[in-house]
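Read through the structure below, which is laid out as structure tokens, and then see the notes.
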Amino acid sequence: MLLTGSLLAILLFWACRNDPSVAAGQVEQTTEASPARLRANVPRMQFDPLCPALITPVQLEGVATTLKLSDYFTDVAAIDSIAVPQGLALDRSANRSELSVRIVGDIGSLSVLSFFAGESRYDALLKRPNKRKVTLRLRDQGYREVALKGEMNSWNPADGQMKLNNGIWERTFEIMPGDYQYLFVVDGRELRDPKNPKTAPNGMGGTNSLLSLPKPDPLRLPSLYTNRFEGKAIEIGIPTAGKLIAFWENRQLEVTYHGNFGTVEIPDEAAELHRSYVRAYAQNEFGLSNDLLIPLDNGRVLDRPSQLSRLDPQAQIMYFVLIDRFNNGNPGNDDPLEDSRVSPLANYQGGDLAGITAKIRDGYFRSMNINSIWLSPITQNPSEAYQEYPEPRRWYSGYHGYWPVSSSRVDHRFGTERELIELVETAHEHGISLLLDYVCNHVHELHPIYREHPEWATRLDLPDGRKNLRLWDEERLTTWFDSFMPTLDLEDPQVVEVQSDSALYWVEKYYLDGYRHDATKHIPIEFWRELTRKLRSEVVLGQDRPVYQIGETYGGRELIASYIGTGLLDAQFDFPLYFDAREAFARPQSSFEALANSLLESFRYFGYHSSMGYISGNHDQPRFISLAGGDLSFDEDTREAGFARQVGVGDPVGYRRLQMLQAFNFCIPGVPVIYYGDEIGLPGAGDPDNRRMMRFDGWSEAEAQTKEIVEKLTELRRNRLSLIYGDTEILHVNDQTLAIARSYFGELTVVVFNKGGEEQTVRLHLPERFLGQDLRAQFGASLEGSYKEWSVTLPPNSFELLTN
């Protein structure tokens with residue numbers, strides 16, 4: 001149902017009143033969205049009304065872990081009993097909505113908690129805590145104050161204050177095995193650990209100290225792969241002995257063992273669901289395996305790409321459109337600011353919703369097999385320039401859409417409500433989902449929310465006299481992005497109610513397919529829990545369709561992962577892996593070994609079959625190709641470079657390095673995301689120079705070749721299930737070369753990279769189950785071998801995909 005009652009009245013009032021953001025004489029054109037029209041190209045899906053989502057594995061924390069049952073169940077009172085595994089005890093709250101899981105004895109690496117609602121059973125996988133205490137120390141040199149900031153505390157020195165004991169500053173953390181970058185903050189000055197020789201690039205031309213906690217030997221861990229299927233039987237390989245735990249949807253399956261294999265049977269009721277999943281995990285005395293995700297199509301293993309649709313999260317190929325800079329489809333709505341203080345880089349350039357619709361219709365997105373478009377924000381922004389608070393205090397327009405002055409109106413420079421509806425209809429007709437970039441964290445000072453309720457904003461002036469501006473980590477949940485953009489207090493229930501309903505309004509009314517959530521880490525988790533609850537009630541169950549939510553969090557993997565799970569967001573962008581990939585592919589001196597370790601680290605936090613986003617770039621980062629080609633330096637101020645000079649590609653090798661980055665993103669698990677222009681190698685410095693107007697013609701030979709390679713990569717991604725649901729294995733890695741295998745039952749794809757400046761031959765030993773199969777090189781590299789060993793010879797700065 002659409003919003004009703006007082007909130008809808010408030011939204012419409014705000015939309016229709018005399019908004020100071022609307023220029024004199026402009027009239028908002030509105031049209032009632034027709035549910036029948038918008039519904040026409042949205043397939044109906046079936047969901048369990050009590051538990052409509054897969055229950056993601058629960059990572060137990062310390063002695064006791066609290067579970068919010070409303071994350072999993074729409075009616076917590078319906079859960080009448082819970083079966084607890086040995087070594088655990090449960091305490092359920094008086095209102096029955098929370099469950100405390102306590103460790104009271106020995107438990108395995110994996111265990112299963114079962115919930116019962118009448119005759120129905122729902123099983124949740126529990127993972128044993130695996131954190132250990134680590135103390136970091138710094139010898140005193142007469143310091144007044146010392147703190148530690150790093151990936152173990154989300155780079156927040158306020159959460160890393162160190163204590164002085166007998167001439168040594170100390171701080172103890174509980175963290176999981178893995179790699180953690182960090183720095184000491186000594187009397188306000190950043191300092192690497194003088195006693196730790198290990199460092200890692202910080203992505204900005206410098207280095208941080210690196211703490212490495214030993215991880216289990218991968219050769220001793222259980223390793224799973226999809227072996228074969230016949231009818232309802234699925235055979236899973238377990239080369240290293242281990243106990244297999246498998247689920248169909250949220251029900252544990254019985255496993256029968258024979259040699260190094262385990263077999264599970266698909267339940268009969270799976271045939272009643274168009275899409276469901278089998279998931280598998282394993283454990284032995286050394287730790288946990290990789291996980292498997294096997295999609296089912298009406299109760300049978302999905303084995304043809306044609307069975308997939310835009311609604312399958314892992315099958316997305318996403319394209320990020322910054323609306324104002326993409327395509328001008330309706331010059332009649334052009335309205336740049338007439339203000340000499342605003343650089344053309346920071347002013348409106350004419351892109352709009354009609355321009356996106358036109359490019360869908362002319363086949364531009366189809367040429368890259370795009371089935372998911374992320375739209376930058378579309379709500380009304382101010383019609384005047386504003387000056388940034390930090391130096392050099394430049395003036396900007398709101399061309400990007402992140403300064404909302406309305407919660408329910410389409411910005412007149414991007415189009416009308418009618419044009420939005422036309423875009424949604426056209427996208428869905430062409431098999432493309434639309435994700436709306438929505439800003440919940442803050443509003444512009446002209447927004448009626450702030451003008452009428454200034455008390456709903458967080459404080460701008462801190463007790464120590466500082467302005468609470470851009471203190472991204474220290475004041476993560478309260479900091480303002482600028483002095484004219486108040487951050488809303490999303491711990492206030494009133495504000496949560498209004499902002500979550502405002503977000504729901506767009507997806508529910510216009511049949512949008514989900515969100516990219518701006519500034520996710522700056523918003524309390526409880527807000528995301530409430531928004532997800534409303535989406536589940538009003539859209540997933542109310543309109544019988546899924547909603548995909550992906551967040552933006554710059555920080556360590558633990559912080560990123562804390563926002564993901566059943567009842568929260570589906571995914572986030574994996575920025576730690578992006579920065580490591582950027583380092584590996586753009587800088588010749590960097591090693592592929594660091595990238596391989598980073599990929600495995602992401603698997604440990606997000607799983608081997610997540611729908612995390614893997615970007616070629618975005619609107620906040622300098623263009624990859626300008627860094628890779630050397631026309632932009634890692635250690636310069638990339639924003640200032642864009643204002644000071646015309647930044648190009650530099651060395652044409654940048655195109656080949658960009659092509660390698662794209663191939664990496666398209667060959668690892670997750671959702672590959674193309675930032676507009678990266679399909680051709682559009683150059684640029686930092687924001688706003690990284691947001692140049694898109695070019696659709698006049699390409700150079702190198703740009704056209706890059707587009708062709710991206711097209712072929714997307715075609716392979718769309719048509720090879722091994723690249724979507726495949727198991728992942730690193731076959732080979734050294735400083736200059738890397739090979740990754742993806743396999744799904746009998747299908748194998750191997751991607752091989754050479755980042756060196758000379759031709760290199762990489763020898764590959766295939767997994768035993770693929771011995772004797774022929775391989776083909778998709779991009780023309782020299783390939784030799786047979787049976788168990790193959791050699792691929794790669795030119796400098798190139799990649800190859802090998803397929804069976």
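The values are calculated or read from the model by the stated rules, or taken from the named source; none is laboratory data. Quantities reported herein were computed from a predicted structural model and do not represent experimental measurements. With ideal geometry, Cβ positions are generated from the backbone for all residues, glycine too; neighbour counts draw on all protein chains shown. The protein model used for the area step is the full one, side chains on, heavy atoms only, and it has no ligands, DNA or RNA in it. Shrake-Rupley method; radii C 1.70, N 1.55, O 1.52, S 1.80 Å.
Out of everything in region 622-640 that is touching a Pro at 6+ places or on another chain (Cβ under 9 Å), in a loop (DSSP other than H, G, I, E, B) and open to solvent by less than 30 Å² (accessible area, probe 1.4 Å), what residue ends up being farthest from Thr706 (Cα to Cα)?
Here the residue is Phe634.
Under 8 Å between Cβ atoms, which residue pairs at least 6 apart in sequence (or on different chains) link something in region 509-534 that is open to solvent by less than 20 Å² (accessible area, probe 1.4 Å) and assigned to a helix (DSSP H, G or I) with a partner that is modelled with pLDDT under 95 and among the hydroxyl-bearing types (Ser, Thr, Tyr)?
Close Cβ pairs (under 8 Å, with a partner that is modelled with pLDDT under 95 and among the hydroxyl-bearing types (Ser, Thr, Tyr)) amount to Lys521/Ser154.
Quick one: which strands (runs of 3 or more DSSP E) sit completely within region 706-804 and have at least 2 residues that are within 26 Å of Ser223 (Cα to Cα)?
727-733, 737-744, 747-754, 760-765, 789-794, 798-803
Taking the stated definitions as given, is Arg325 more than 26 Å from the chain's Cα centre (by Cα) and either touching a residue at least 24 places away in the same chain (Cβ under 8 Å) or within 19 Å of Ala385 (Cα to Cα) (or both)?
It is false that Arg325 is more than 26 Å from the chain's Cα centre (by Cα) and either touching a residue at least 24 places away in the same chain (Cβ under 8 Å) or within 19 Å of Ala385 (Cα to Cα) (or both).
If I ask for residues that are within 21 Å of Gly108 (Cα to Cα) and either of a type in the set (D, E, K, R) or without any contact (Cβ under 8 Å) to a residue 40 or more places away in the chain (or both), which ones from region 262-302 would you list?
Gly262, Arg279, Glu285, Asp291
Which pairs turn up if I take residues in region 466-482 that are over 20 Å from Gly556 (Cβ atoms) and look for partners that are outside any loop (DSSP other than H, G, I, E, B) and open to solvent by 20 Å² or more (accessible area, probe 1.4 Å) with beta carbon separation below 6 Å, at least 6 apart in sequence or on another chain?
Every condition considered, the pairs that remain are Trp480/Leu469.
Within region 376-408, can you find the residues that are out of contact with any helix residue (DSSP H, G or I) (no Cβ under 8 Å at 6 or more places or on another chain), in a strand (DSSP E or B) and within 13 Å of Ala346 (Cβ to Cβ)?
Those that are out of contact with any helix residue (DSSP H, G or I) (no Cβ under 8 Å at 6 or more places or on another chain), in a strand (DSSP E or B) and within 13 Å of Ala346 (Cβ to Cβ): Tyr386, Gln387.
If only one of Glu190, Glu174 is over 30 Å from Gly607 (Cβ atoms), touching a strand residue (DSSP E or B) at 6+ places or on another chain (Cβ under 7 Å) and either part of a strand (DSSP E or B) or without any contact (Cβ under 8 Å) to a residue 24 or more places away in the chain (or both), which one is it?
Glu190
Here is a yes/no grid of residues against (1) modelled with pLDDT of 95 or more; (2) of a type outside the set (Lys, Arg); (3) in a loop (DSSP other than H, G, I, E, B); (4) open to solvent by less than 50 Å² (accessible area, probe 1.4 Å):
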| site | (1), (2), (3), (4) |
| --- | --- |
| Leu3 | no, yes, yes, yes |
| Ala24 | no, yes, yes, no |
| Glu28 | no, yes, yes, no |
| Ala36 | no, yes, no, no |
| Val42 | no, yes, yes, yes |
| Glu61 | no, yes, yes, no |
| Leu90 | yes, yes, no, yes |
| Ser100 | yes, yes, no, yes |
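Here are some conditions: (1) surrounded by 13 or more Cβ atoms within 10 Å (Cβ to Cβ); (2) part of a strand (DSSP E or B). Phe73 meets all but one. Which one does it not meet?
Evaluating Phe73 over (1) surrounded by 13 or more Cβ atoms within 10 Å (Cβ to Cβ); (2) part of a strand (DSSP E or B) leaves (2) as the failure.
Does region 602-620 contain any residue that is under 19 Å from Arg325 (Cβ atoms) and aliphatic (A, V, I, L, M)?
So far as region 602-620 goes, yes, one or more of its residues are under 19 Å from Arg325 (Cβ atoms) and aliphatic (A, V, I, L, M).
Kindly provide the set of residues from region 252-275 that are open to solvent by 60 Å² or more (accessible area, probe 1.4 Å), of a type outside the set (D, E, K, R), part of a loop (DSSP other than H, G, I, E, B) and in contact with a strand residue (DSSP E or B) (Cβ under 9 Å, 6 or more places away or on another chain), ordered by number.
Step one: list which residues in region 252-275 are open to solvent by 60 Å² or more (accessible area, probe 1.4 Å), which gives 252, 254, 256-260, 265, 268-269, 272, 274.
Keeping just the survivors that are of a type outside the set (D, E, K, R) gives 252, 256-260, 274.
Next, only the ones that are part of a loop (DSSP other than H, G, I, E, B) stay: 259-260, 274.
Passing the criteria: Asn260, His274.
Please work out which one of (1) in a helix (DSSP H, G or I); (2) crowded, with 24+ Cβ neighbours inside 10 Å is the condition Arg604 fails and give its number.
Status for Arg604: all satisfied but (2).
Do you know which residues across region 104-136 are hydroxyl-bearing (Ser, Thr, Tyr) and closer than 14 Å to Glu174 by Cβ?
Within region 104-136, just Thr135 meets the criteria.
Could you check region 696-712 and list, in sequence order, the residues that are of a type in the set (D, E, K, R) and open to solvent by 30 Å² or more (accessible area, probe 1.4 Å)?
Scanning region 696-712 gives Asp697, Glu701, Glu708, Glu711, Lys712.
If I go through region 325-339 residue by residue, how many of them are touching a Phe, Trp or Tyr at 6+ places or on another chain (Cβ under 9 Å) and more than 13 Å from Met694 (Cβ to Cβ)? First the steps, then the outcome.
So the first thing to find is which residues in region 325-339 are touching a Phe, Trp or Tyr at 6+ places or on another chain (Cβ under 9 Å), and the list is 325-327, 333-337, 339.
Imposing the further condition that a residue be more than 13 Å from Met694 (Cβ to Cβ) reduces the set to 333-337, 339.
Qualifying residue count, region 325-339: 6.
Within the bounds of region 314-333, is there any residue that is over 30 Å from Ala641 (Cα atoms), touching a His at 6+ places or on another chain (Cβ under 8 Å) and part of a loop (DSSP other than H, G, I, E, B)?
No, there is no match, as no residue in region 314-333 is over 30 Å from Ala641 (Cα atoms), touching a His at 6+ places or on another chain (Cβ under 8 Å) and part of a loop (DSSP other than H, G, I, E, B).
Go through region 457-504 residue by residue and tally those that are over 22 Å from Leu148 (Cα atoms), among the aromatic types (Phe, Trp, Tyr) and either modelled with pLDDT under 95 or open to solvent by 20 Å² or more (accessible area, probe 1.4 Å) (or both).
Residues flagged as over 22 Å from Leu148 (Cα atoms), among the aromatic types (Phe, Trp, Tyr) and either modelled with pLDDT under 95 or open to solvent by 20 Å² or more (accessible area, probe 1.4 Å) (or both) within region 457-504 amount to 1.
Tally up the residues in region 217-234 that are modelled with pLDDT of 95 or more and either of a type in the set (A, V, I, L, M) or in a strand (DSSP E or B) (or both), please.
Matching residues across region 217-234 total 9.
Taking the condition within 30 Å of Glu679 (Cβ to Cβ) and either acidic (Asp, Glu) or at pLDDT below 95 (or both), does Asp324 pass?
yes
Just the residues that are of a type in the set (A, V, I, L, M, F, W, C) and either open to solvent by 20 Å² or more (accessible area, probe 1.4 Å) or under 28 Å from Arg639 (Cα atoms) (or both), please, taken from region 370-429.
Taking region 370-429 first, the residues of a type in the set (A, V, I, L, M, F, W, C) are 370, 373-375, 378, 385, 395, 403, 405, 410, 414, 420-421, 423-424, 427.
Hits for region 370-429 are Ile373, Trp374, Leu375, Ile378, Ala385, Trp395, Trp403, Val405, Phe414.
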